[in-house]
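One structure coming up, written as C-alpha cells, with questions to follow.
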Amino acid sequence: MAVSGTALEIKEIYDPYVQKWKEKGGRVVGYSCVATPVELVEAAGLLPYRIKALGNPRTDLADGEMSLFNCSFCRSCLQLALDGTYDFLDGIIETNGCDHLRAMFENWQHNKNLPFFHYLKVPHFFRDDSLEYFRGELELLREHLASHFNAPVETESLRGAIEDWNLVRKRWRELCELRELPEPRVTGSEALALELAGSHMTGKDFADLLSSFIEERREAPGRKPKARLMLCGPATDEVAWLEEMESLGAVVVADALCFGSRAFLHRPGTGENPLDELAEGYLNTIFCPRMYKEYDKRRSYILDAAKRAGVDGAIYLYNKFCDLHGTDSVLVRRDLENSGIPVLVLEKEYSAAADLGRIKTRVQAFLERIGGGAR
Amino acid sequence: MMEKGYVMRPGENGFERAVGILEMVYKFTEQVSDEAVEGAANFVFPELKNTVLGLLELPANRGLEIFFFQRLLELFWEAMRAQSEGKKLIFIPFTFPPELFWAFDSLFPLCTEIVSGAIVNICYGQGERFWDYAMSLGLPDSLCSGNTIGIASLLAGPGLKPDAIVYNTPGSCNPNAKIHAFAADYLGIPQFILEKPVDESPRGREQYYKYLLRFVRELEEWTGEELKEDRLREVMQRAYQAVELYNEYWELKKARPCPVPNIFSMTLLVLRSQMWGREDCVEVLRRMVDISKERLRKGEYAAPEEVARIYVSYIYWLFDFYNYFTWMEKKGISILGDILAIHYFPPIDYSSKESMLRAYADIAFDYPMTRQMGGETISLRWVDDICYAVQDLGADACVFGGVHACKHTLGTISFFRRELMKRLGIPTLVLIGDVFDKRQTPMEIFQHEVETFVDQVVSRKKAGRRRAKSG
C-alpha cells in the first residue's frame with residue numbers, strides 16, 4: 001500500500017502505532033495544546049499523544065460533567081476519557097488553553113485520577129518576564145517527568161528530540177509548498193489526516209512519514225481546484241468533514257488551524273541550553289487567540305499564508321461557544337476582506353451530522369460567491 | 001409617553017443616557033414616602049419601575065439606596081468630565097480592584113460591568129440594542145452580557161470613549177478578557193494587561209507581583225505620572241477603612257434572621273468594583289452597616305419569618321432588582337452573598353510603596369473570580385471558598401445562577417454540586433440564564449424554580465432536622 005493510504009487511515013484513538021508502543025512496554029502521556037513541548041516528553045522516553053476525538057459524536061457521559069454551553073470538542077474528548085477509550089494513557093499534561101479545556105482536564109482528573117497529572121502553566125503573552133516564567137515551567141515539567149517516570153531528561157536526548165521535531169516542521173513546510181502549487185498535490189483533508197497520524201508519533205517517525213508522503217506526491221499529478229481556500233480556526237480533527245467540503249470542488253490550500261499548520265510554527269529559540277530554546281521557541285509562536293496583545297502577529301501570519309497560497313477565499317471555522325475564536329473571527333474577517341479575500345465565518349457543533357447539510361449549503365453558496373462554484 | 005426622554009439622544013451613548021435618567025435620583029430625599037415611591041414607579045417605563053421598586057419599596061434600604069445612587073451619579077459625572085479635565089478615562093473589568101487607579105491623579109477608572117449594569121437597569125430596552133449591535137458585528141452570542149453591553153455601547157454610538165482598556169482575566173475568564181481586548185483592537189486604543197498565573201505556589205504569587213510592577217510602570221509611562229507613595233497610602237488607607245466595614249458587614253450576615261437587606265448585596269458589588277478607595281465608598285458602607293446593626297437590634301425582617309438562607313454560589317442576576325432581591329426578601333429568603341462577596345484582605349504595611357503594592361498584589365491575586373476561576377483548579381478553589389462562606393454564614397442551600405458565558409463554572413458545576421453535598425450536605429439549585437439579559441431566562445422562571453426549590457427541598461430539609469432534634 002502507498003504511504004498515503006496508510007497515513008490517511010487514522011480511525012482509532014488507540015491507534016496501532018500507539019498499541020505497538022505500549023506492547024513494547026512504552027508509556028504514553030496525553031496533552032492537548034500546541035504550547036506543550038513534545039520534545040521534552042519524548043526526551044524522557046515517553047510517547048507524547050495529542051488528545052483528539054476523531055469526530056466522535058457521543059457526549060452523553062461528558063454532558064453529565066460539563067454543560068451544553070461548553071465546547072463540544074472538549075466534551076467529545078472527555079467522553080472518550082470517561083468511557084475508557086483513553087485508559088491507555090499513563091498520564092496527562094494539562095495546559096491553560098481556554099476555559100473549556102481547563103474544565104475538561106479537571107473533570108478528567110476528578111473522574112480518572114491519573115497517577116501522572118501535570119499542569120503546565122502557559123503565559124498569555126510573550127515578554128521577557130513571561131518567558132522567564134515559562135522557562136521555569138518547563139524545568140518543573142522536566143523534573144516531574146523525571147521523578148514520576150524515573151526518566152531523567154538528559155541534555156543530549158533533548159537535543160536529539162529537538163532536532164527530530166525541527167525536521168518535522170521543515171517537512172511540514174515542504175508539504176505546505178505542495179499544497180500551495182497552482183495545481184495542489186495535497187488536499188487539506190490529507191494534510192489534516194497526516195497531522196493527526198503524526199500527533200502520536202515520535203518526531204523521527206513523523207518526519208519519516210512526511211518525507212515518504214512528500215516524495216510520493218511530488219511526482220503525482222496535481223488537481224485543479226474550482227476554488228483555493230484557506231481554513232482558519234481552532235483544533236478541529238474532523239477529516240471527514242473537511243473531505244465533504246473539498247468534495248464541493250474547492251481545495252484547502254492553506255490553513256491556520258490548531259490541528260494543522262499552527263502546530264508547526266515553532267521556531268528554534270536563541271537560548272544557550274535546550275530548555276531556553278524550547279521556552280522561547282514555543283511561547284513566541286503560539287498563534288492562537290488565547291494570546292493577548294498579539295493580534296497583529298496573528299493577522300500577519302494569516303495574511304502572509306493566504307497570499308503565499310493565492311487563496312480565493314477563506315473560511316473561519318469554530319465550534320459553538322468558543323469565545324476566543326468567535327471574537328477573533330470578527331477581526332480576521334475584517335482584515336482579510338480589506339485585503340480583498342472574501343471570508344465565510346462558520347460556527348458549528350463538533351461532529352454534528354445534523355449540521356453537515358446546513359454547512360455544505362453555506363460553503364456551496366460561498367464558493368459561488370467567490371466564483372468557485374461556476375468554474 | 002414612554003419613549004419621550006428615555007430614548008437615545010444625538011451625541012449620546014448608552015452610558016450617557018443612563019446618567020441622564022439617573023439624575024432623577026436628586027428628586028428624592030432620603031426620607032421619601034411610600035406614596036412618592038409608588039408615584040415614581042408608576043411614572044417610569046416598566047423596566048425602570050422594577051429598578052425603582054427594587055431599590056426603594058422596602059423602607060429599610062430606601063434612604064441608603066438614594067444616598068448611594070446620588071454618590072454613584074456624582075462619580076458618573078466625574079467620569080464624563082474626566083477627559084475635558086485632562087485625565088485619561090480607562091475601562092477596567094469588575095475583576096480588578098479599582099483602588100490602584102484612584103491613586104493616579106491622571107486616571108479615571110470606569111468599570112465596564114458597572115456601565116453595563118447602569119444601562120440595563122436604567123435605560124429603556126435594558127441595553128438589548130447594544131447586545132444586538134455586538135451580535136451584528138459578528139461577535140459570538142456566547143460572550144458575556146456583563147461586559148459586552150457596556151463595550152458595545154461604546155462601539156455603537158457617539159459620545160464617551162475610553163483612552164485605554166485594562167483587563168486581568170486572560171486565563172481566568174476568556175469572554176471577559178477577549179471582549180476587552182477586542183474593543184481595544186477595534187478602537188485602536190492602548191490595552192494594559194495584568195495576567196494572573198494559574199499558579200498558587202509562592203513562585204506564582206511572586207510572578208504576579210512582578211507582572212504588577214510592570215503593569216504600574218506601563219501606566220506610569222503612558223500617563224507620564226509616577227505613582228506617588230503618599231497618594232497610594234491615602235487611597236489604601238481609605239480602602240482599608242472600607243475593609244473594616246466589610247468585615248462588620250460579613251459578621252452581620254451571620255445573624256438570624258439576616259438583618260442585612262438583600263439589595264445591599266448589589267450595593268456592595270458596585271462599591272467594590274467601582275468605588276473602593278474613595279471616601280464616598282466608606283460613607284455608603286458605613287451607613288449600610290449602621291442600618292443593618294439597627295435592624296439587628298430591633299429584630300426587623302421584611303417577612304414574618306426567615307424561610308431560607310441562600311448562598312448564591314456564583315453571581316446574582318442583575319437585570320431586575322425588584323423581582324430578584326426584593327422578591328426573595330419578601331418571601332423570607334435571605335441572600336447571604338455570592339462569589340463576588342468573598343474577599344480576602346491581607347494585613348497591610350503602609351510604610352513604603354513596595355509594601356503597599358505587595359498587599360495590593362495579594363488582594364488582586366485573591367480577588368473574587370480571579371481567585372477561583374484563575375485558580376490552579378477552578379473547581380476545587382471554587383468549592384472550597386463557597387464551602388467556607390456557606391459554613392461561616394450558616395446558609396441552608398446554594399443557588400447557582402449560571403451565566404451562559406461562564407464556561408469555567410458551567411464546565412465544573414456538576415462536580416461543584418456533588419462536592420458541596422458531599423462535604424456539607426448542602427443542596428444546590430442549578431439555573432442557567434444571564435446576568436443582564438432577561439431574554440435568556442426571564443425572572444418569572446427564576447422565581448418559580450427558587451420557590452419550588454425552597455418549598456420542596458430547603459424547607460423540608462429544615463423541618464426534618466427540627467423533627468430529628470425534637471424526636
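The values are calculated or read from the model by the stated rules, or taken from the named source; none is laboratory data. Keep in mind that what you see is a predicted model, and the values were worked out from it rather than measured. In this analysis, Cβ positions are derived from the backbone assuming ideal geometry, glycine residues included, and neighbour counts consider all displayed protein chains. The protein model used for the area step is the full one, side chains on, heavy atoms only, and it has no ligands, DNA or RNA in it. Shrake-Rupley method; radii C 1.70, N 1.55, O 1.52, S 1.80 Å.
With B:270, B:307 as the choices, which residue is closer than 30 Å to residue B:119 by Cβ and aliphatic (A, V, I, L, M)?
Answer to the check: B:270.
Has segment B:345-354 got any residue that is surrounded by fewer than 19 Cβ atoms within 10 Å (Cβ to Cβ) and within 20 Å of the chain's Cα centre (by Cα)?
The answer is yes, given that some residue of segment B:345-354 is surrounded by fewer than 19 Cβ atoms within 10 Å (Cβ to Cβ) and within 20 Å of the chain's Cα centre (by Cα).
Still on this model: Considering only residues that are exposed (fewer than 15 other Cβ atoms within 10 Å of the Cβ) and more than 23 Å from residue B:123 (Cβ to Cβ), which ones fall in segment B:25-58?
B:29, B:30, B:31, B:33, B:34, B:35 - these are the residues of segment B:25-58 that are exposed (fewer than 15 other Cβ atoms within 10 Å of the Cβ) and more than 23 Å from residue B:123 (Cβ to Cβ).
Further question: Check whether at least one residue in segment A:135-145 is touching a helix residue (DSSP H, G or I) at 6+ places or on another chain (Cβ under 9 Å), among the acidic types (Asp, Glu) and more than 9 Å from chain B (Cβ to nearest Cβ), and report yes or no.
The answer is yes; a qualifying residue exists.
Which residue is nearest to the other protein chains (Cβ to nearest Cβ), if the candidates are limited to segment A:101-113 and must be in contact (Cβ under 8 Å) with a residue 24 or more places away in the chain and open to solvent by less than 10 Å² (accessible area, probe 1.4 Å)?
Residue satisfying both the conditions and the ranking: A:103.
Every residue in segment B:149-182 that is surrounded by 24 or more Cβ atoms within 10 Å (Cβ to Cβ), within 12 Å of chain A (Cβ to nearest Cβ) and out of contact with any Phe, Trp or Tyr (no Cβ under 6 Å at 6 or more places or on another chain), please.
Answer for segment B:149-182, where residues must be surrounded by 24 or more Cβ atoms within 10 Å (Cβ to Cβ), within 12 Å of chain A (Cβ to nearest Cβ) and out of contact with any Phe, Trp or Tyr (no Cβ under 6 Å at 6 or more places or on another chain): B:151, B:167, B:169, B:171, B:172, B:173, B:174, B:175, B:176, B:178, B:179, B:182.
Now for a separate question. Scan segment A:26-75 for residues that are within 14 Å of another protein chain (Cβ to nearest Cβ), aliphatic (A, V, I, L, M) and in contact (Cβ under 8 Å) with a residue 60 or more places away in the chain and jot them down.
Correct list: A:35 only.
Every residue, every condition in (1) closer than 22 Å to residue A:309 by Cα; (2) open to solvent by 30 Å² or more (accessible area, probe 1.4 Å); (3) modelled with pLDDT of 95 or more, yes or no:
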{"position": "A:324", "(1), (2), (3)": "no, no, yes"}
{"position": "A:331", "(1), (2), (3)": "yes, no, yes"}
{"position": "A:334", "(1), (2), (3)": "yes, yes, yes"}
{"position": "A:337", "(1), (2), (3)": "yes, yes, yes"}
{"position": "A:344", "(1), (2), (3)": "yes, no, yes"}
{"position": "A:352", "(1), (2), (3)": "no, yes, no"}
{"position": "A:357", "(1), (2), (3)": "no, yes, no"}
{"position": "A:371", "(1), (2), (3)": "yes, no, no"}
{"position": "A:374", "(1), (2), (3)": "yes, yes, no"}
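If you don't mind, there's one more thing I want to ask. Would you please name the residue that is farthest from the other protein chains (Cβ to nearest Cβ), looking only at residues in segment B:106-128 that are open to solvent by 10 Å² or more (accessible area, probe 1.4 Å) and closer than 22 Å to residue B:185 by Cα?
B:114
Looking at B:264, B:319, which is the one that is in contact with a Lys or Arg (Cβ under 8 Å, 6 or more places away or on another chain), crowded, with 24+ Cβ neighbours inside 10 Å and within 23 Å of residue B:38 (Cα to Cα)?
After ruling out the rest, the residue left standing is B:319.
Could you list, in sequence order, the residues of segment B:193-208 that are farther than 15 Å from residue B:378 by Cβ, buried (at least 17 other Cβ atoms within 10 Å of the Cβ) and more than 9 Å from chain A (Cβ to nearest Cβ)?
B:194, B:205, B:208
Which condition from (1) within 11 Å of another protein chain (Cβ to nearest Cβ); (2) of a type outside the set (Lys, Arg); (3) open to solvent by less than 10 Å² (accessible area, probe 1.4 Å); (4) in contact with a Lys or Arg (Cβ under 7 Å, 6 or more places away or on another chain) is the one that residue B:372 breaks?
Looking at each condition in turn, residue B:372 falls short on (1).
Oh, and also: Determine whether residue A:298 is within 12 Å of another protein chain (Cβ to nearest Cβ), open to solvent by less than 40 Å² (accessible area, probe 1.4 Å) and within 22 Å of residue A:228 (Cα to Cα).
Answer is yes for this residue.
Select from segment B:407-454 the residues that are of a type in the set (Ser, Thr, Tyr) and more than 11 Å from chain A (Cβ to nearest Cβ) and write down the one among them that is farthest from residue B:331 (Cα to Cα).
Once the filter is applied, the top-ranked residue is B:441.
Just to verify a result, which residue in segment B:417-443, among those that are assigned to a helix (DSSP H, G or I) and without any contact (Cβ under 8 Å) to a residue 40 or more places away in the chain, is least open to solvent (accessible area, probe 1.4 Å)?
B:424
Kindly indicate which of A:234, A:225 is open to solvent by less than 30 Å² (accessible area, probe 1.4 Å), within 14 Å of chain B (Cβ to nearest Cβ) and part of a loop (DSSP other than H, G, I, E, B).
A:234
From A:116, A:73, A:88, which residue is among the aromatic types (Phe, Trp, Tyr) and crowded, with 23+ Cβ neighbours inside 10 Å?
Being among the aromatic types (Phe, Trp, Tyr) and crowded, with 23+ Cβ neighbours inside 10 Å holds for just one of A:116, A:73, A:88, which is A:73.
Would you confirm whether any residue within segment B:26-44 is outside any loop (DSSP other than H, G, I, E, B), closer than 30 Å to residue B:178 by Cα and more than 19 Å from the chain's Cα centre (by Cα)?
Scanning segment B:26-44, I find no residue that is outside any loop (DSSP other than H, G, I, E, B), closer than 30 Å to residue B:178 by Cα and more than 19 Å from the chain's Cα centre (by Cα), so the answer is no.
Does residue B:379 fit the bill of being in contact (Cβ under 8 Å) with a residue 40 or more places away in the chain and over 30 Å from residue B:54 (Cβ atoms)?
Yes; evaluated as a whole, the condition is true for this residue.
Can you tell me which residue is modelled with the lowest pLDDT among those in segment B:1-24 that are part of a loop (DSSP other than H, G, I, E, B) and surrounded by 15 or more Cβ atoms within 10 Å (Cβ to Cβ)?
Checked segment B:1-24; the qualifying residue modelled with the lowest pLDDT is B:6.
Pick from A:346, A:356, A:324: which is within 14 Å of chain B (Cβ to nearest Cβ), of a type in the set (A, V, I, L, M) and in a helix (DSSP H, G or I)?
Residue meeting the stated conditions: A:324.
Can we say residue A:312 is within 14 Å of chain B (Cβ to nearest Cβ) and over 18 Å from the mean Cα position of the chain (by Cα)?
no
Scanning segment B:383-406 for residues that are assigned to a loop (DSSP other than H, G, I, E, B) and not hydrophobic (A, V, I, L, M, F, W, C), which turns out nearest to the other protein chains (Cβ to nearest Cβ)?
Among those that are assigned to a loop (DSSP other than H, G, I, E, B) and not hydrophobic (A, V, I, L, M, F, W, C), it is B:404.
Can you name every residue in segment B:403-415 that is surrounded by fewer than 24 Cβ atoms within 10 Å (Cβ to Cβ) and either over 22 Å from residue B:175 (Cβ atoms) or touching a residue at least 60 places away in the same chain (Cβ under 8 Å) (or both)?
Across segment B:403-415, the qualifying residue is only B:404.
Do we have any residue at all in segment B:291-300 that's part of a helix (DSSP H, G or I), open to solvent by less than 10 Å² (accessible area, probe 1.4 Å), more than 14 Å from every other protein chain (Cβ to nearest Cβ) and farther than 28 Å from residue B:354 by Cβ?
Yes: one or more hits.
Determine which member of the set B:351, B:334 is part of a loop (DSSP other than H, G, I, E, B) and farther than 20 Å from residue B:242 by Cβ.
Result of the check over B:351, B:334: B:351.
Within segment B:153-162, which residues are of a type in the set (A, V, I, L, M) and part of a loop (DSSP other than H, G, I, E, B)?
B:160
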